[in-house]
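Right, one structure below, let's go through it.
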Amino acid sequence: MTLPPVAETLADLVRINSINSSYEGGAGEREIATSVRRFFEQRGIEVWEQEVFPNRPNVIARLPGRNSTRRVILEAHMDTVSVQGMTIPPFEPRVEDGKLYGRGSSDTKAGLAAMMHAVAALHAEGIQPPCEVWLAAVVDEEYSYRGVVKLCEGLAGHASLVAEPTGLRAVIACKGVLRWRIVVRGKSAHSSKPHLGLNAVSHMARIVLALEEEHQRMSTRVHPLLGPGTLNVGVIKGGVQVNFVPDSCAIEIDRRLLPGEKVAGVLAHYQKMLDGLKIQYPTLDAVMEPPMLEDEALETPADSAPAQLASTILSEMGLDGELCGVPFSCDASKLSRQGVPSLVFGPGSIDQAHAAVEWVELAQVERAVEFYRNFILRFE
């Protein structure tokens, strides 16, 4: 089967194990970074690497624009999550019924391939866009965002498009994410005499129930594009064996933030909740640890020039031009905080991202090339 060029590039990217090296089986981004760099080198497009971690660089390609003082940034991450639980070969791209299957096909190598071909096509045709264009293929989005943080050092730009699987919708709002641990300390004893100990798991159960009540209260504050904030206790660990009174218990919390919510204020709220429980249960010894991950929400004004242009282009393409929000977080919020008005756009669905069977519709990938190209040509 002969595939369109962008689909061939996507298949090449999917064949590369670029699992984030913080996860099991993670090879990191070195091989895929080399592949992306060579794609541009072979076409005579200026490209360089920006080291983030040893052997884990960002790759940046540049097209000069007619106005060198203005810049459009296309950004996509190269890393993927692990392949645990997948029921298809993760690195053997298969095309069937117009879909390409494999790890990263939706999140977010499809968007990356579309961006690469949009930039390459303009260069091949000798078209100089109104603004300078950077395509940044970055590392570490799936773990701690260090790739985009490095990219943002000293960065200036006037619009950015961040590739994520949005189903070809222009996204102006994303929830932020805050993750931290609460640890309860108890006292060990033999399970036949539990009164001699202090059960850390029992105390933690009270905290989990209080957090669940807090989650229910969040439903009263609803963002028009994102809905309410959310809280999830995703990990709990405690105890040594069944006949011990457990002397420690820890939970890991994932809190999704709405625009306007600040990390310090959210943490202070939960510390106040914990302090109230300590008054109610004087033997409760619980500590909130510093955040493992913090990223505030994205909200780009709907009337901003990038948002209005994206909406217009999509409508002209016969696609849905209504600006929308998504519940997940991504690199766009960091670019926005750097002062670059940012949108999220790409082929594929978040429902297929990280899934046991990950796929993307190739027709959407080709439409994404068209959108990125039009945006580059029309943003001034």
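The values are calculated or read from the model by the stated rules, or taken from the named source; none is laboratory data. Please read all numbers here as calculations on a predicted model, not as lab measurements. With ideal geometry, Cβ positions are generated from the backbone for all residues, glycine too; neighbour counts draw on all protein chains shown. These area figures cover heavy atoms from the full protein model, side chains too; ligands, DNA and RNA do not enter into them. Shrake-Rupley method; radii C 1.70, N 1.55, O 1.52, S 1.80 Å.
A few points about this structure:
- Heavy-atom surface of the chain, accessible at 1.4 Å and reported per residue (Å²): 43 Å²
- Peptides 84-90, 328-334, 222-228, 108-114 ordered by average Cβ neighbours within 10 Å, highest first: 108-114, 328-334, 222-228, 84-90
- Spacing of the two label points (7 Å from each Cα toward its C-beta) at GLN241 and GLN50, in nm: 5.3 nm
- Under 13 Å from LYS272, Cα to Cα: aspartates and glutamates that are on another chain or at least 8 residues apart: GLU214
- Top positive-direction residue, dipole computed over the chain with Cβ charges, set SER191, LEU100, VAL148: SER191
- Whole-Å distance, taken between Cα centres, linking segment 206-251 and segment 120-135: 49 Å
- Summarising the label geometry, the points placed 7 Å from Cα in the beta-carbon direction at VAL233 and GLU125 lie 5.6 nm from one another.
- Relative to the longest principal axis of the Cα atoms of the chain, the long axis of helix 30-41 makes an angle of roughly 20 degrees.
- Computed over segment 16-100: relative contact order in percent, which uses C-alpha pairs under 8 Å that are six or more apart: 29 percent
- Take the Cα of GLU96, go 7 Å toward its beta carbon, and the backbone nitrogen atoms of segment 330-373 under 20 Å from that spot belong to 348-349, 351-365.
- For segment 180-309, size of Cβ-based charge dipole, Lys and Arg +1, Asp and Glu -1, in debye: 620 debye
- Remark: the Cα gyration tensor places segment 1-122 in the oblate category, a/c being 1.5 or greater and a/b not exceeding b/c.
- Of the GluC sites (Glu not before Pro) in segment 131-172, those whose Cβ has at most 12 other Cβ within 10 Å and which sit in DSSP loop: GLU153
- Sulfur and carbon atoms: percent of accessible area, the chain [1.4 Å]: 50 percent
- A full extension of the chain between CYS324 and MET292 corresponds to an added length of 8.7 nm, given 0.36 nm per residue minus the alpha carbon distance.
- Extended-chain gain in nm, criterion 0.36 nm per residue less alpha-carbon gap, GLN42 and ALA268: 76.1 nm
- The alpha-carbon atoms of the chain define a convex hull whose volume equals 148 cubic angstrom per residue.
- Additional length obtainable on full extension of the chain from GLU24 to LEU277, 0.36 nm per residue less Cα span: 87.3 nm
- 19 Å cut-off, amide nitrogen to a point 7 angstrom out along MET86 Cα→Cβ, residues in segment 152-171: 164-165
- Label zone (ALA156, point 7 Å along Cα-to-C-beta; backbone nitrogen cut-off 13 Å) within segment 71-85: 71-72.
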